[in-house]
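Down below is the structure, laid out as structure tokens.
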Amino acid sequence: MNNPLLLILMVLMLVMMFNNIRKVRNMKKDEKYILAYTGVLKKEENAVANLNKYIEEETNPELKNKGLLVKVYTDILEGINPSATIDSISFDDIFLADGNYVPEKISKNSDAFVWLLLNLSKARSQSMIDIMDKLYEKVTAYEDRLGGHVEYQVFKAACNCLLERDVKGIEFLNKLLAGEYGDYQYDKQLIGVFKKAAAALLVYSGEPIEKEDEEILYDFALSQVGNRFLSDLELIDRYYKKEEIPEENGQVEEPEERLQTAVIEGKEPEEKE
């Protein structure tokens, strides 16, 4: 082996090593955020206190602001007007990289749109139309940079459907379920979540959907995210099947305990198109 080739191999090994170290560090940073929001979804006793503590201590702007998106949800749960929390969120830190549009960052933070959907449905269930309008205004300010992403279009469609404002949202949701979204960018690991949300929104709007599209809502109801979303849309009784589970060791598992861990915790496997 000649020296130039050996040098190239050594450089490649060093690059791979540094990339792996960076990934491990990022995973450790994300872990606290994941624990904080998963506690909220699971309705753990100290979930709100733990989330607030996480936000207070987190130094990474991107993660801190995603944590604030979760706080919007807990504010509404606790009967607190989340307007101040929304005002404190820097969407630049979530959507942009040093003020610039980077498609990969949108995909990386696609879970932020999951929380935006949950915030919309929770606000709608409490008739907090002003909060829905505020979120819509804040996010659509990035239309020129986010418009080509499925997650953003589902968010816009959700606002329009829940507020019965614009049929264009329904048109996009139908295209998404039909697989006609090749011109858009999207996080392949979470596309299934947004398709399920699309199906739920269409049913909520009284729109007819294919039987196979409606079937995915039964699985959605068994996930932490889907259960919360469908509950706020008052569709949970229709899709959450409480079949009896065989008794084990003298104990019968309660329906709430059978809910799957939130798919956004580890990002679910890529869904086939």
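The stretch 125-173 gives an Rg/Rh value of 0.96, both radii derived from C-alpha positions and Rh following Kirkwood. Its residue count N fixes a reference of 2.2 N^0.38 Å for the stretch 77-125, and the Cα radius of gyration divided by that reference is 1.33.
Accessible area per residue (1.4 Å probe, heavy atoms of protein chains only) ranks Tyr186, Tyr136, Tyr37 as Tyr136, Tyr186, Tyr37, with the largest value leading.
Could you tell me what percent of the accessible area of the stretch 125-247 is made up of carbon and sulfur, with a 1.4 Å probe and every protein chain present? Carbon and sulfur: 42 percent of the exposed surface of the stretch 125-247. For the cross-link pairs Lys43/Lys188; Lys64/Lys134; Lys105/Lys188; Lys43/Lys138; Lys53/Lys105; Lys108/Lys196, the ones whose C-alpha atoms lie over 22 Å apart are Lys43/Lys188; Lys43/Lys138; Lys53/Lys105. Please label the shape of the stretch 59-183 as rounded, prolate or oblate, based on the square roots a ≥ b ≥ c of the eigenvalues of the alpha-carbon gyration tensor (a/c under 1.5 means rounded; beyond that, a/b larger than b/c means prolate, else oblate). It is oblate, given that a/c is not under 1.5 and a/b is not larger than b/c.
The values are calculated or read from the model by the stated rules, or taken from the named source; none is laboratory data. Predicted model, so just to flag it, every value in this text is computed and none were measured. All accessible areas refer to the heavy atoms of the entire protein, side chains included, with ligands and DNA or RNA removed. Shrake-Rupley method; radii C 1.70, N 1.55, O 1.52, S 1.80 Å.
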